[in-house]
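Visitor: Sending over a structure as structure tokens; questions will come in a sec.
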Amino acid sequence: MSPHNRQVFQTLEPKRWRRFIWLIRVLLIFLGLSITTIIISLFQKQLIHIPEIRERGEMYDRLTENEVKTALKKHDAKLFKKSLKEIREKKQREFYHFPAARIQKNNSFHPVRAAFYVNWDQQSNFSLRNCITHLNMVLPEWMFVPDSSSQVVVKIDSTALNIMRMNRVAIVPMLSNFFNNKWNGDNIHRIINSPARRRILINSIIVTLHKYHFSGINIDFEDLKETTDEHLIIFQKELYERLHPLGYLVSQDIAPFNEDYNTDALAKNNDLIFVMGYDQHNSSTLPGSIAALEWVEAALDDVCKKIPSEKVVLCLAAYGYDWTAGSKGVDVTYQEAISTALESEGKVHFDDKTFNLDYSYWDDNNIKHQVYFADAITAFNSIRAAEDFGIAGVAVWRLGSEDTRIWTFYNQDLSLEGLKKHPVNISKLENISSSYNVDFIGAGEIMDILSSPSKGLVKLEFNNPDKLITNESYKILPTCFVIKKSGEKNKMISITFDDGPDGEYTPALLDILKQYKIHATFFVTGINAQDHLPIVKRIYDEGHEIGNHTLLHPNLQNESDDRIRLELRATGRLIEGITGHATILFRPPYDDDAEPINPAQIHPIAVAKSENYLTIGSSIDPWDWQKGVSADTIVARTMRQYKLGNIILLHDAGGLRRETIKALPRIIEFFKSKGYKFVTVAQLMGRTRDDVMPSESGGISQYLSRADSTVFLVSYFFDYFIYSVFFLALILSLIKITSVAFFSFLQHRKNKKAKKLPVSIYQPFVSIIVPAYNEEVTGSKTVENLLLSNYPNFEIIFVDDGSKDSTYQIIKQNFEGNTRVKIYTKSNGGKAQALNFGITKASGEIMVCIDADTILHPEAVSRLIAPFVDENVAAVAGNVKVGNKINTLTRWQSIEYTTSQNFDRLAFDYLNSITVIPGAIGAFRGEALVEVGGFKTDTLAEDCDLTLRLLRAGYRVRTCNDALSYTEAPETLEMFFKQRFRWSFGIMQSFWKHRHLIFARRIPNFGWIVLPNLLVFQMLLPLFSPLVDLMMLFSLFSVNGSNILSPNAGKVGLFYICYYFVDLLISMVAYHYDKQKFTLRIALDLFVQRVVYRQLLFFVLFKSYIRAIKGELEGWGVLKRTGNVEKHNQ
């Protein structure tokens, strides 16, 4: 094939495609290597070393020693067994003659294995996660009666709620009158003594239970002011009568041996009664056992005499009290009791009469303490005794304070028969899991974990006849976390910044620090560091230290070990890749405490230690992150706290930080006035920056660091490129649509003036050329419609381009005798050849070319001819409308034709820069056609190519929006893609064919408007449109800790909304100029159409690029016709 006869891009050699494939291979190899490097880096711990700050003290050695406990003497054990036998023989159960009381509602919970949950102890959440599989009911302390209102106050821990729901346990929240740190018996008195207030409270309870899909309610009213129980019973009765029919479980907590309760009456109005089998001795009494077994059994005896035992749930003690002489006891958890015993060398004693534990110790002020507490063995014996009463079940008070050994047997049947079938595994109970209390050594805000928890060991004796554990001897106490604190220095202060870097705020802070010649420590997040590589490099180059603040700023207290390691390693590698130096400094996100006290807070610190990090706390925190905080407030808070420690916590990202920038110089001046020296975190440790930010250590770590550096650099520039494209695309699009609107207004005004001029009598002979290929459905209708034209001098040239259907036969049969219709057929050669063939057969001065699926308005031809009065006009475009708006796709195309194609042509008419005379309706001066060589076959967009050649020849190309035509738009995606590929590929061919004239001065409209418009808005921007939309979504919804909206969300969202708003207004103008009504339906369709259309056209353009690179011959393509235009426009 001769090069002159080939299509643009067509080639017979595959070299271009092969080069492209090799380029893709290289990119894929680089991508693969990059991903492999990142993965290896994430699985490879950084080889960094934590320098010693000072030697461990004697306290640490003492705390980690194993503590051995002595066993009970043999004669004591014998006495115990004898006493126990007497107790058992005295127990008479003949008075339990109640009928079976278990209602259907309780069956799914029987036997009840419940636990109480509280929001105020993070350890409670930690325990819930670990033990939820052993429970079938949780009673969270989430509903409260306030001080004055009758409406329930709800305080729900959403994390805990999700855990409960995922594990499908019954959620029965407590309704407590403990509010604002006190029992408000006064308001309970007001409510239950008033029918109206009772009704309000009950309605509020029902609404809450329904809203959160709870299973029921647990009433826990304490410290009441009632003199009788009359109104409490009335309230409980009304509550039960309202909730019971709705399927909710109703339960109530009562204290044993309390004659104030009418237990029998309350049982009738509750499904379950929770007997608080604890606080035998409490904080207000003398020291003593928390829940002696004999006391618990007596409590159950007392209750079960009055109500059916199958309604009773025993609440188990899982805590203790620490008493000092003359003072109230202080609540302690099991972990705190054991930790204190370990630290104080107290001897834990198991009481053979009460089955509780106790010990004494002297504190640093030489004050004697007595500690009584319950452990898993206490619970085991209580459950074992309770099983003999046939009660509904047990409940632990509370999660987070329990001895975790309890979960080894909690949902086991501990009745005599149950234990005979499935004996308890004593060896499991003899091993105590680690204590998660914390012991601190030293002072300062730099934390290093010296000791992690280790297991303890006890020796148990099991009484087989009664199935009770009769003796427990603590051999080894479990150890706890020991955290060494350092960095306390007199008159030294270190400034630290979290969450950065930020492109605006961090450089401003660096400028201030540089001005005062102060070095600070920046704890950066990986996501922000990746976005601001040069700023991270500047931080290091200017002498500051850099610490790890995780990758995505999550709350690490709620994350797994693997997630924490991933966060640390990703950010650590990023810092090392940018600066060439690793870091051992770490600060957890949301860390507002220099002294973590529970496992949830220590957890991320312990994982960080395993990754060779030191955790850096802060004692001076002015909360500059608070919304609306001023520089004055930040400074004032800092001044109030300046004696609390040596490290200031500020933020250089994560929100608006202008007030922090204003406050920083004043903070610096304040500390200088107090005689403080500004130092870095490393200097507080007595070390240098190189100690806390060591250089590459060689080996695989060094190679990984360099590889990571390359990947991060490429990624940074790619991200920068994408962000630039995003804003450039929006800006260019705004410029275009506003420019189009402006020039459309000018042309519209010009057209209105022209209509006022005298009507021209110019009526040249017109040849209407209709090329057709497989148009048997629409061809005949099109010709019939053309014959209805009111233009007097015309002929119709119908050219069948070798159709494979009956197009030619149908047209010939219907119009062979009509003198205005000339019918021809030829071998298939494409639309351009068919049009050229028609031109050779035409005798008109003006050629009107239309598609065979197009219906013209009767006055369309007359209106098209009018502009040809100007002899310099070579072509006129008509107004194409979608004639088959029958589904979403065709409605979207209708919007496109009105707001883009027709409206754009109106603007470009003013500039003589119309790029396409549409094939659906366009008129050409015959002489001009011949001069430029007619339609060419070297592109698929023969109409675009012809238009460009007419403009190059110096002719004017006009549009006439009054010349209406109705075309059949593709009704399926398959047909849509086929049509748009032909258009897109053809436009690419046309541009490439004339590319040498871009920015040509001799044809300014062509070189500076037409070709740049095709290149930018038809070929380049659509290629990046999906990235633009993705960037908008990522900017709005990128993960940023607990806040799902990123700091730039407002700017990006506002910019995007402004763009759409401008587009909406201009589209309204386009519809007005096109004499169409703009409706709310169109406005809604417009937004979706713009977003979805961009993705569809991206696919089409991508396919066009691939085909252009391949260089294969492309055909005209065939669209399946339905004939729906006539139905909608005739």
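Visitor: What pairs come out if I take residues in the range 211-224 that are over 20 Å from V169 (Cα atoms) and pair them with residues that are part of a loop (DSSP other than H, G, I, E, B) whose C-beta lies under 7 Å away, six or more apart or interchain?
Guide: F221/N177; E222/N177
Visitor: What are the residues in the range 924-950 that are of a type outside the set (D, E, K, R), out of contact with any Phe, Trp or Tyr (no Cβ under 7 Å at 6 or more places or on another chain) and at negative phi, if any?
Guide: Going residue by residue through the range 924-950, those that are of a type outside the set (D, E, K, R) are 924, 926, 928-930, 932-935, 937, 939-941, 944, 946-948, 950.
The next check asks that each one be out of contact with any Phe, Trp or Tyr (no Cβ under 7 Å at 6 or more places or on another chain); those that pass are 924, 926, 929-930, 932-935, 937, 939, 944, 947-948, 950.
Scanning the range 924-950 gives F924, G926, L929, V930, V932, F935, T937, T939, C944, T947, L948, L950.
Visitor: Run down F1024, F985 and say which single residue is in a helix (DSSP H, G or I), assigned by TED's automatic domain parsing to the domain that holds A941, of a type in the set (F, W, Y) and at pLDDT 90 or above. Can you show your working first?
Guide: Numbers: F1024 fails: at pLDDT 90 or above.
Going through F1024, F985 in turn, just one is in a helix (DSSP H, G or I), assigned by TED's automatic domain parsing to the domain that holds A941, of a type in the set (F, W, Y) and at pLDDT 90 or above: F985.
Visitor: Right, next: Which number in (1) at pLDDT 95 or above; (2) outside the structural domain of V138 (by TED's automatic domain parsing) marks the one condition that S434 misses?
Guide: All conditions pass for S434, except number (1).
Visitor: While we're looking at this one, here's another question. Determine whether V711 is buried (at least 19 other Cβ atoms within 10 Å of the Cβ) and modelled with pLDDT under 85. Steps first, please.
Guide: On the way: buried (at least 19 other Cβ atoms within 10 Å of the Cβ): yes; modelled with pLDDT under 85: yes.
Yes: the conditions hold for V711.
Visitor: Looking at H1128, H1072 in this structure, which one is modelled with pLDDT of 65 or more, assigned to a helix (DSSP H, G or I), surrounded by fewer than 17 Cβ atoms within 10 Å (Cβ to Cβ) and not polar (S, T, N, Q)? Explain how you work it out, then say what you get.
Guide: Working: H1128 fails: modelled with pLDDT of 65 or more.
The unique qualifying residue is H1072.
Visitor: Looking at the range 959-987, which of its residues are under 22 Å from L856 (Cβ atoms) and among the polar types (S, T, N, Q)?
Guide: Answer for the range 959-987, where residues must be under 22 Å from L856 (Cβ atoms) and among the polar types (S, T, N, Q): T959, N961, S965, T967, Q979.
Visitor: Okay, moving on. Would you check if Y516 is touching an Asp or Glu at 6+ places or on another chain (Cβ under 7 Å) and either touching a residue at least 12 places away in the same chain (Cβ under 8 Å) or not assigned by TED's automatic domain parsing to the domain that holds G442 (or both)? Spell out the reasoning first.
Guide: Values: touching an Asp or Glu at 6+ places or on another chain (Cβ under 7 Å): no; either touching a residue at least 12 places away in the same chain (Cβ under 8 Å) or not assigned by TED's automatic domain parsing to the domain that holds G442 (or both): yes.
Spelling it out, it is not the case that Y516 is touching an Asp or Glu at 6+ places or on another chain (Cβ under 7 Å) and either touching a residue at least 12 places away in the same chain (Cβ under 8 Å) or not assigned by TED's automatic domain parsing to the domain that holds G442 (or both).
Visitor: Now for a separate question. How many residues are free of Cβ contacts under 8 Å to residues at least 40 places away in the same chain, surrounded by 18 or more Cβ atoms within 10 Å (Cβ to Cβ) and of a type in the set (A, V, I, L, M, F, W, C) if we restrict to the range 1085-1106?
Guide: Number satisfying all stated conditions: 0.
Visitor: Confirm whether S401 is in contact (Cβ under 8 Å) with a residue 40 or more places away in the chain, in the same structural domain as V458 (by TED's automatic domain parsing), closer than 19 Å to Y321 by Cα and surrounded by 21 or more Cβ atoms within 10 Å (Cβ to Cβ). Steps first, answer last, please.
Guide: On the way: in contact (Cβ under 8 Å) with a residue 40 or more places away in the chain: yes; in the same structural domain as V458 (by TED's automatic domain parsing): no; closer than 19 Å to Y321 by Cα: yes; surrounded by 21 or more Cβ atoms within 10 Å (Cβ to Cβ): yes.
It is false that S401 is in contact (Cβ under 8 Å) with a residue 40 or more places away in the chain, in the same structural domain as V458 (by TED's automatic domain parsing), closer than 19 Å to Y321 by Cα and surrounded by 21 or more Cβ atoms within 10 Å (Cβ to Cβ).
Visitor: Restricting to strands (runs of 3 or more DSSP E) lying wholly in the range 325-425: which have 3 or more residues that are within 26 Å of V138 (Cβ to Cβ)? Quick ask: steps written out before the conclusion?
Guide: Details: elements: 330-333, 357-362, 368-373, 393-397.
Output list reads 330-333, 393-397.
Conditions (1) modelled with pLDDT under 95; (2) in contact with a strand residue (DSSP E or B) (Cβ under 7 Å, 6 or more places away or on another chain), marked per residue:
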| residue | (1), (2) |
| --- | --- |
| T825 | no, yes |
| N828 | yes, yes |
| F837 | no, yes |
| V873 | no, yes |
| T898 | yes, no |
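Visitor: Residues being of a type outside the set (V, I, T) and either touching a strand residue (DSSP E or B) at 6+ places or on another chain (Cβ under 8 Å) or surrounded by 14 or more Cβ atoms within 10 Å (Cβ to Cβ) (or both): count how many of those fall in the range 730-762. So that I can check it myself, show each step before the final result.
Guide: Keep residues of the range 730-762 that are of a type outside the set (V, I, T), which gives 730, 732-734, 736, 739, 741-758, 760, 762.
Checking the rest, the ones that are also either touching a strand residue (DSSP E or B) at 6+ places or on another chain (Cβ under 8 Å) or surrounded by 14 or more Cβ atoms within 10 Å (Cβ to Cβ) (or both) come to 730, 732-734, 736, 741, 743-748, 751.
Residues that pass the stated criteria total 13.
Visitor: From the list G628, G645, G617, G580, exactly one residue is outside the structural domain of L450 (by TED's automatic domain parsing), surrounded by 24 or more Cβ atoms within 10 Å (Cβ to Cβ) and more than 22 Å from the chain's Cα centre (by Cα). Which is it? Reasoning before the result, please.
Guide: Details: G628 fails: surrounded by 24 or more Cβ atoms within 10 Å (Cβ to Cβ); G645 fails: surrounded by 24 or more Cβ atoms within 10 Å (Cβ to Cβ); G580 fails: surrounded by 24 or more Cβ atoms within 10 Å (Cβ to Cβ).
Selected residue: G617, the only one of G628, G645, G617, G580 that is outside the structural domain of L450 (by TED's automatic domain parsing), surrounded by 24 or more Cβ atoms within 10 Å (Cβ to Cβ) and more than 22 Å from the chain's Cα centre (by Cα).
Visitor: Hey, among the residues in the range 816-828 that are within 15 Å of I769 (Cβ to Cβ) and not charged (D, E, K, R), which one's surrounded by the most Cβ atoms within 10 Å (Cβ to Cβ)?
Guide: At the first step, the residues of the range 816-828 found to be within 15 Å of I769 (Cβ to Cβ) are 820-826.
Now narrow it down to the ones that are not charged (D, E, K, R): 821, 823-825.
On the way: V821: 21, I823: 19, Y824: 16, T825: 17.
The residue in question is V821.
Visitor: Considering H213, H231, which residue is under 36 Å from the mean Cα position of the chain (by Cα) and not hydroxyl-bearing (S, T, Y)?
Guide: Values: H231 fails: under 36 Å from the mean Cα position of the chain (by Cα).
Just one listed residue meets the conditions, H213.
Visitor: Identify all residues within the range 547-575 that are of a type in the set (D, E, K, R), under 16 Å from Y590 (Cα atoms) and either crowded, with 21+ Cβ neighbours inside 10 Å or in contact with a strand residue (DSSP E or B) (Cβ under 6 Å, 6 or more places away or on another chain) (or both); write none if there are none. Break it down into steps so the answer makes sense when it comes.
Guide: Filtering the range 547-575 for residues of a type in the set (D, E, K, R) gives 559, 561-563, 565, 567, 569, 573.
Subsequent filtering for residues that are under 16 Å from Y590 (Cα atoms) retains 559, 567.
Selection gives E567 alone.
The values are calculated or read from the model by the stated rules, or taken from the named source; none is laboratory data. Not measured: the values here are computed from a predicted model. Virtual Cβ from ideal backbone geometry, glycine too; neighbours counted across all protein chains shown.
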